[in-house]
1. Non-local amide H neighbours of A203 (under 5 Å, H modeled in plane, Pro and chain starts lacking H): which ones?
2. Output needed for region 76-143: three equivalent-ellipsoid semi-axes, defined as square roots of 5 times the C-alpha gyration tensor eigenvalues, in descending order, whole Å.
Amino acid sequence: MARTVFLLLVLLNLLAFAWVYLKGDDRINAGREPQRAKSELAVDKIRLLTPVDSVPESCRAFVGATVVEAQEIAKAWSEKLPAAHITVNSVMPHPVFDMVIAGLASRAVAEAKLVQLKSLGISEALQVKTEDGKRFSVLMATFTERGAADEALKNVAQKGVRSAVIIQRQAALAQPAIEVRGGDAILKPLAELASLHRGLTAAQCDAARGAP
């Protein structure tokens, strides 16, 4: 009898152990439901942030200063505009076109031609120039574009001036250009800064260096 009772107790213990083993994972997971729910809510709140578009870069260029002056200006502007990218670049000058009456034998002849032109109503920017110490010319006008020079030549021809010609020449030397690159907000103070330097004028940035 005692043996039978003992076996029953052992069997009951085994059944209890099996029940605890099989049901334990469910109870453990059930206790974790609030935490898992919180995790799921946190996942719902995750947002993919798209990168902010880069600010478009602009460029402003200024000429009219010597090399030394341009370097000094660039240094001063770098201190006032730390977020801007400032460089000093050499800009090759564009050709210019002079409308002249050339090959005059003496200054007296050139002066007489000057009077004649004024009598025809041509009086702006007239200058007598020495060509080689022996011959002289009358400079009538200077143009930066060939088309404008040719048109002006036609106009004076209609007034009776047949000896005028267009002569192309290169400007004296390459001049430095101060280029300032950055966003529009960064470059906003530039106009005021440039106005502090007499002779400094706006120019185009060099496209070869990659304007935005």
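Read the figures in this text as sums done on the coordinates, not as results from a lab. No experiment lies behind these values; they were computed from the predicted model shown.
1. Under 5 Å from the amide H of A203: A61, F62, V63.
2. Semi-axes (√(5λ), whole Å): 43, 15, 10.
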